[in-house]
C-alpha cells in the first residue's frame, strides 16, 4: 500500500555559485519568494542532524541560516545538539553567523553533532512538544535518512494534531544513496562518498597494474542497497563487482526452487531461474554455487555469517586455486590483498555538487517553512542541468512512504530505494562488465577537485537515472 | 665509516610550470646547458623503475625523455620492463612521445612496470653488461629507493671497471621518505603519499568529532622509518602518535638496563633512562610498560610479533578500561575502530610538488648523462623557494653510503634516514603533542588539489628541515 499525497513544487531559478561565494544564491531567491509570505515575519527554527554523517550537512544548515538572514530578518536558528536526543532533552545552541562560518563547505556533522536516537514513544513525542513550545518553534528541519524522515513525517502529523504552530521539513541525507524517488533524485553525501572511495579504488588499481603482485579485494561501506558499489564500479571499472541486489534476486529464486522442487543432477532445475539469475549463477565459482544450494536456516534464508566478505573471498579463491594446482590446471601465483573503505568517505569535504545541492536543500527548507508548509521533504530537481536551471521545492513525505510490518505491527516507513536491476545504472554496468572482467579497463579518477575540469561533474548513477527519465 | 666524495652541483634556474604545461621548463634548460656538451651528440639511454611504487615516477621518465628531445635530438630512450629483471633479461620498450603522453602527471609505475629483483651476483652483473653492450647504452637511469641506488652505484663502478661507456645515474624514490641527505632533501612520492593518508586521517577525525562514537586507531604504511607517520601527525594533529624511532631509543636503553642492572621495585632503575625516554615510558599504558620489561629474545630484543598494531592497541585499551571499570575508576564507553592506510597512497596522482620535483629529477638526470657523469644521484635543491629558484645537479652516490654488516659480510649500503629525535620535524611535533593529546586539535586537510590555494605547498617535514638548515 502506498499513500500518495500532494506533491508541492515551487519552481525557482538558482544562479550558479562557487564554493567560496555561496552568498550569490540569496539575492535571486529574494525576488521569487516575495510574493509568498510576509517579509516582516520573524521565525524561530530548529535544525537537527540525525544518524550517520554525510558530506554537506553543514551546508544544509548554512542554507537555512542564510535564507532566514535574507528573507526573515531577526529570525533565530537553533541547532539541536547530538541528534534527536537534543530535541527531547532541549539541548541546543543558537546559531550565529560567526559560529556557522568555519563550517561552510566543510565535511562532517561536528557543527552541532549527530545521534541515532529516535522520537518514537508517546513520552518522547511529549518531550519534543515541550521543546517546541518552550522555544516557540515555528519550524523544525530534520536532516536525515529514511528512518529520520519517517520520524519527521510523524512529528509533523503529531504537532499538527496537537495544534502546535511548529512545521516540520525533512532533508534527504545518506551516503548510501537509498533515499530517493522521482522528486528527490538523490540523497546528499552519496556523490562525495563515492568519489572518495573511487579515488582509493583507482589508486589501488594503478598499484595492481604497476606490479601485478596482488589481487585486490575491496569492500565498501553500506547497508542493504548497493548504490555505492555500483557507482564506484561505473567510475573505476573493476574486473568483478558484486551487486547485492542481483545476488538477492538469485537467492530468492533459489529459495523458491529449493522449497518446492527436487534439485536434479541433470540441472533441469536451473531452467526455472530467470535468464539474469542463471547467468549470475553460472558466473559464480563452484564453491559459492554449492554454498547457495545448502540447507536454509529456519526462516528459509541462506546462512551467511556476518564475516568480512573481502577476506572470505580471498580465502575461497586461494582454496580453489590450490585445488587446481593439485590437478595441474593452474600454475600461477595468487596473493590477495583486502581493503575496506568506510569511515574515510563519510566525513570528507563535500564535492562541488554536494556543497551546492545541500545549500539549495537548506535554502529550500527555509522557503517551505516560511510559506507555512509541513510534512514535506526539501527537493531539488533538474539536477542534470547547470545550477541556474535547478528547481527547488518540497515533496510530501507521505508520498515516499509505504507500510511495512515491523516488530509485529504495521508501520508507515519510507521504503529504501534498492539498486533496480532494470534501472539505467545497473544496465549500463551489466553491458560493460564482461569487457572489464578480462580487459583491465581500470580508470583512476584521482582526488576530488574543487576547481577546474570535471569539478562540477555529477555521479554516473544520477546522470544515467536522469537520462533514463528524460 | 662514511665515504665522502665529490659533490657536483650544477646550478640552474628553473621556470615555474604548471602540471598541464610541463614543456615550459625545457627552453630554460637549453640556454644553460649549451656550453657543457655537444648538442649534436645522439644518446641511447635506458631507464628502470625499481621497487615499490611512488607517485611521480612517470614524470621522472617524462623529464628524461623531454631532455633528450630538446637537447640531444635523435636520441633513444629505452624503458626496461618490470624492474631490474628487465635489464638482466633485456626486456625493454623504446619510449616514444605518443607512448609517454598518457602517463604524464599520472600516478603508478604502469608505464613500464616495476620489480624488486636486484643485480647482485657476478652472473647478474654480466647480464647487465650484455644488455648495455647490445643496446649500446650511453646511460642508465635507476629510479629507486636506498637499495636500488646502492645497486646503481655498484653498477656504475662495474661498467667503468669494464670500460663500458654506460654511465649510471640514480633518482631518489620512496614514499617512506627515508632516502635523504643534505643534497637530496627528499625522496619523491613522500609528499603525495602523506597528503593522501592525511586526507583519510582528517576525514576519520571529523567523523570521530561528529559522533563521539568511536576511538579510531590508524596504522600507516612504512618500514623502519616513521617519516610518514610524523608528517601525517604534523598535518592532522591526532591525540596520540607513536613514532617508532622514539620507541626504539627507549627499547635500546631498556635493553641496556635489563642486561646489566636489577629492576628494583622502587623504580630507581628509571633514573638511568634519558629524560626523553623516561617521559615516553611514563606516558605509555602500564600494560605496554610491562611488556617492555619482559624477557628478551635470544638476540636481546623485545619480542614483538608482527601483528596488526592498531588492533592490538584497541584490545589493550579495552582490557585496561575493563579493569578500571571493575575497580569503579571508569564509567565511559570505549569502542575502537581500526584502519590501515597503505596501498591507497602509493599510486595516487602526484601532487604538484611531486609532479614538478620528479620532472626536474628526470631532466637533471638527462643533463648529467649528457655531461658524461656517472655514479651520481640526481639532486634538486632549494626546494623551499619557488620553482624558478630550484637548483639542479648531482650528488655522488658514494657520499650517501656507509658500510654495514649484512649476511656476515661488510657491504657498502645507503644508510636509511630515520626520524631524528633532535631534528626540526620531531621537535615541532614534540612541542605540540601534549596540547593535541587532550584538546582535540584535529585538522582535516582535505583532498589533494592541483590548482588554487595550497596546491603547491610542500610537506611540513621538508619545510621544517629546510628551515632548520637555513
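Here are the numbers for the structure shown:
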quantity	calculated
Restricting segment B:459-470 to residues that are touching a helix residue (DSSP H, G or I) at 6+ places or on another chain (Cβ under 7 Å) and at pLDDT 95 or above, the residue that is nearest to the other protein chains (Cβ to nearest Cβ)	B:459
Lone unmet requirement of (1) surrounded by fewer than 23 Cβ atoms within 10 Å (Cβ to Cβ); (2) farther than 15 Å from residue A:46 by Cα; (3) in contact with a helix residue (DSSP H, G or I) (Cβ under 7 Å, 6 or more places away or on another chain) for residue A:161	(3)
Flag for residue B:171 being surrounded by 24 or more Cβ atoms within 10 Å (Cβ to Cβ) and outside any helix (DSSP H, G or I)	yes
Answer from A:321, A:369, A:383 - the residue that is part of a helix (DSSP H, G or I), farther than 30 Å from residue B:212 by Cβ and either modelled with pLDDT of 90 or more or under 20 Å from the mean Cα position of the chain (by Cα) (or both)	A:321
Which listed residue is within 14 Å of chain A (Cβ to nearest Cβ) and under 19 Å from the mean Cα position of the chain (by Cα), from B:402, B:354	B:354
Among the residues listed as A:182, A:272, the single one being touching a helix residue (DSSP H, G or I) at 6+ places or on another chain (Cβ under 6 Å), away from every other protein chain (no Cβ under 14 Å) and surrounded by fewer than 19 Cβ atoms within 10 Å (Cβ to Cβ)	A:272
Residue match in segment B:257-268 (condition: under 30 Å from residue B:335 (Cβ atoms) and outside any helix (DSSP H, G or I))	no
Meets criteria (surrounded by fewer than 17 Cβ atoms within 10 Å (Cβ to Cβ) and within 15 Å of residue A:233 (Cβ to Cβ)) for residue A:424	no
Residues located in segment B:324-335, provided they are under 37 Å from the mean Cα position of the chain (by Cα) and surrounded by 12 or more Cβ atoms within 10 Å (Cβ to Cβ)	B:334
Members of segment A:204-220 that are assigned to a strand (DSSP E or B) and either out of contact with any strand residue (DSSP E or B) (no Cβ under 9 Å at 6 or more places or on another chain) or more than 8 Å from chain B (Cβ to nearest Cβ) (or both)	A:215, A:217, A:218, A:219, A:220
Among (1) in contact with a strand residue (DSSP E or B) (Cβ under 6 Å, 6 or more places away or on another chain); (2) in a helix (DSSP H, G or I); (3) within 14 Å of another protein chain (Cβ to nearest Cβ) - the single one residue A:229 does not satisfy	(3)
Conditions (1) more than 14 Å from chain A (Cβ to nearest Cβ); (2) at pLDDT 95 or above; number of the one not met by residue B:389	(2)
Every residue from segment B:66-122 that is without any contact (Cβ under 8 Å) to a residue 60 or more places away in the chain, assigned to a helix (DSSP H, G or I) and more than 14 Å from every other protein chain (Cβ to nearest Cβ)	B:69, B:70, B:87, B:88, B:97, B:98, B:99, B:100, B:101, B:122
Condition check for residue A:429: within 14 Å of another protein chain (Cβ to nearest Cβ), touching a residue at least 12 places away in the same chain (Cβ under 8 Å) and crowded, with 17+ Cβ neighbours inside 10 Å	no
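The values are calculated or read from the model by the stated rules, or taken from the named source; none is laboratory data. All of these numbers come straight from a predicted model, not from anything done at the bench. Cβ atoms come from the backbone with ideal geometry, glycine included; neighbour counts cover every protein chain shown.
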